[in-house]
1. Please determine, by comparing only the residues of segment 119-138 that are open to solvent by 10 Å² or more (accessible area, probe 1.4 Å) and more than 10 Å from the ligand (Cβ to nearest atom), which one is farthest from the chain's Cα centre (by Cα).
2. Among the numbered criteria (1) surrounded by 16 or more Cβ atoms within 10 Å (Cβ to Cβ); (2) in contact with a helix residue (DSSP H, G or I) (Cβ under 7 Å, 6 or more places away or on another chain); (3) of a type outside the set (D, E, K, R), which one does THR153 miss?
3. So which residues in segment 57-90 are within 15 Å of the chain's Cα centre (by Cα) and under 22 Å from LEU122 (Cα atoms)?
4. Tally time: how many residues in segment 122-158 are in contact (Cβ under 8 Å) with a residue 12 or more places away in the chain and either assigned to a loop (DSSP other than H, G, I, E, B) or of a type outside the set (A, V, I, L, M) (or both)?
5. I'd like to know if segment 173-181 contains one or more residues that are part of a loop (DSSP other than H, G, I, E, B), surrounded by fewer than 22 Cβ atoms within 10 Å (Cβ to Cβ) and hydrophobic (A, V, I, L, M, F, W, C).
6. Output the residue which, of all residues in segment 83-118 that are in contact (Cβ under 8 Å) with a residue 60 or more places away in the chain and surrounded by fewer than 19 Cβ atoms within 10 Å (Cβ to Cβ), is farthest from LYS49 (Cα to Cα).
7. If you check LYS55, LYS31, LYS68, which single one turns out to be surrounded by fewer than 15 Cβ atoms within 10 Å (Cβ to Cβ) and modelled with pLDDT under 95?
Amino acid sequence: MILKMKHCAFVALLAVGFAYTEAAKAGPQTKGSLKDSWAALSEIQAGNKRFSEGKSTHAGQDSAIREKLAGGQQPPVIVVSCSDSRVPPEKIFDQGLGQVFTIRLAGHVLNSDAIASIEYALDHLGAKTLVIMGHDSCGAVKAALITLANTSTGSPHLDSLLSKIRPAVSAFKNISSEDKTIEGPVKANVTATVKDLVKRSKIVREFIENDRLLIAQGIYHLGSGLVVLGTDSKDSEVASAEPKKKKTNRHAASENEGREAKHEISDERSGANNKKSRKSTQNDFYKPRD
Ligand SMILES: [Zn+2]
């Protein structure tokens with residue numbers, strides 16, 4: 001039994017070692033390029049368009065792909081999203097196996113394990129694009145809105161989760177009960193999650209600073225199936241996967257759907273003081289050092 005356990009541990013170490021190979025060579029402090037990041041973002045946006053139009057290809061799920069991926073993974077995109085059963089990232093972005101590294105907790109809250117998972121995908125699997133994605137009518141956000149800070153839900157675990165969301169949405173505590181989609185607090189929660197990640201993860205900051213990570217904020221719309229992605233690019237006309245010119249902003253992106261949507265991803269809690277400099281009102285310009 002002990003021998004078997006040792007054998008299993010050895011095999012596991014080999015597997016982990018294999019996964020650490022290519023991406024680990026560079027390290028977070030190596031200067032990179034966002035070219036692949038933008039391409040990856042463009043790819044999932046195209047996939048979401050297919051999904052929302054009922055034209056998903058469901059590619060990359062056959063036995064040949066499975067066998068190929070058994071040797072290792074190099075997902076280009078990380079998606080941090082809510083656990084909601086209506087929001088499966090691989091489906092709504094129409095991506096196959098090995099394409100999306102997902103971290104899902106209710107309200108896309110970040111605990112240490114979630115951050116570790118993101119860091120692993122960046123530092124060891126070579127992911128280059130990160131999407132933090134909320135969705136309208138999020139139950140976790142609603143619960144944080146209606147549950148008072150000094151009261152218990154009856155579950156210390158749920159209390160803990162809601163306490164992570166509540167600061168981001170406190171400005172909306174008087175939101176109308178008519179507002180079923182609660183997009184304002186949902187967007188505020190997404191922005192807060194991005195800021196929280198950048199603040200807490202040195203590895204994420206290093207990847208950003210070295211142009212090796214693009215972070216997008218996304219809002220998924222349950223009815224239409226569309227994901228509106230926000231960018232920190234000051235060029236609000238960004239509409240392609242390639243940045244026209246390297247800018248100071250390194251995180252996030254937007255494209256056609258985002259520009260056409262009527263919603264703005266913004267830091268509602270802080271009054272969204274970066275709104276005034278924008279030409280359009282659809283995209284958020286997230287700056288982690290604000
Ligand atoms: Zn949710």
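The values are calculated or read from the model by the stated rules, or taken from the named source; none is laboratory data. What you are looking at is a predicted structure, and each value in this text was computed from that prediction instead of being measured. Cβ atoms come from the backbone with ideal geometry, glycine included; neighbour counts cover every protein chain shown. Only protein heavy atoms, including side chains, enter the accessible area calculation; ligands, DNA and RNA are left aside. Shrake-Rupley method; radii C 1.70, N 1.55, O 1.52, S 1.80 Å.
1. Keep residues of segment 119-138 that are open to solvent by 10 Å² or more (accessible area, probe 1.4 Å), which gives 119-120, 123-124, 126, 128, 136-137.
If we keep only those that are more than 10 Å from the ligand (Cβ to nearest atom) as well, we get 119-120, 123-124, 126, 128.
On the way: GLU119: 13, TYR120: 15, ASP123: 16, HIS124: 18, GLY126: 16, LYS128: 12 Å.
Filtering segment 119-138 for residues that are open to solvent by 10 Å² or more (accessible area, probe 1.4 Å) and more than 10 Å from the ligand (Cβ to nearest atom), the one farthest from the chain's Cα centre (by Cα) comes out as HIS124.
2. The one condition THR153 does not meet is (1).
3. In the first step, residues of segment 57-90 are kept if they are within 15 Å of the chain's Cα centre (by Cα); the result is 75-84, 87-90.
Result: PRO75, PRO76, VAL77, ILE78, VAL79, VAL80, SER81, CYS82, SER83, PRO88, PRO89, GLU90.
4. First, the residues of segment 122-158 that are in contact (Cβ under 8 Å) with a residue 12 or more places away in the chain: 122-145, 147, 149, 158.
Those left that are additionally either assigned to a loop (DSSP other than H, G, I, E, B) or of a type outside the set (A, V, I, L, M) (or both): 123-129, 134-139, 142, 147, 149.
Counting residues in segment 122-158 that are in contact (Cβ under 8 Å) with a residue 12 or more places away in the chain and either assigned to a loop (DSSP other than H, G, I, E, B) or of a type outside the set (A, V, I, L, M) (or both) gives 16.
5. Of all residues in segment 173-181, those part of a loop (DSSP other than H, G, I, E, B) come to 173-181.
Of the ones still in play, those that are also surrounded by fewer than 22 Cβ atoms within 10 Å (Cβ to Cβ) are 173-181.
Next, only the ones that are hydrophobic (A, V, I, L, M, F, W, C) stay: 175.
Within segment 173-181, one or more residues are part of a loop (DSSP other than H, G, I, E, B), surrounded by fewer than 22 Cβ atoms within 10 Å (Cβ to Cβ) and hydrophobic (A, V, I, L, M, F, W, C).
6. Going residue by residue through segment 83-118, those that are in contact (Cβ under 8 Å) with a residue 60 or more places away in the chain are 86-87, 92-93, 107-110, 115, 118.
If we keep only those that are surrounded by fewer than 19 Cβ atoms within 10 Å (Cβ to Cβ) as well, we get 86, 115.
Working: ARG86: 17, ILE115: 29 Å.
Looking at residues that are in contact (Cβ under 8 Å) with a residue 60 or more places away in the chain and surrounded by fewer than 19 Cβ atoms within 10 Å (Cβ to Cβ), I get ILE115.
7. Working: LYS55 fails: modelled with pLDDT under 95; LYS68 fails: modelled with pLDDT under 95.
Only one candidate passes the filter, namely LYS31.
Residues checked against (1) on the phi > 0 side of the Ramachandran plot; (2) modelled with pLDDT of 95 or more:
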| residue | (1), (2) |
| --- | --- |
| HIS108 | yes, yes |
| SER112 | no, yes |
| ILE132 | no, yes |
| SER177 | no, no |
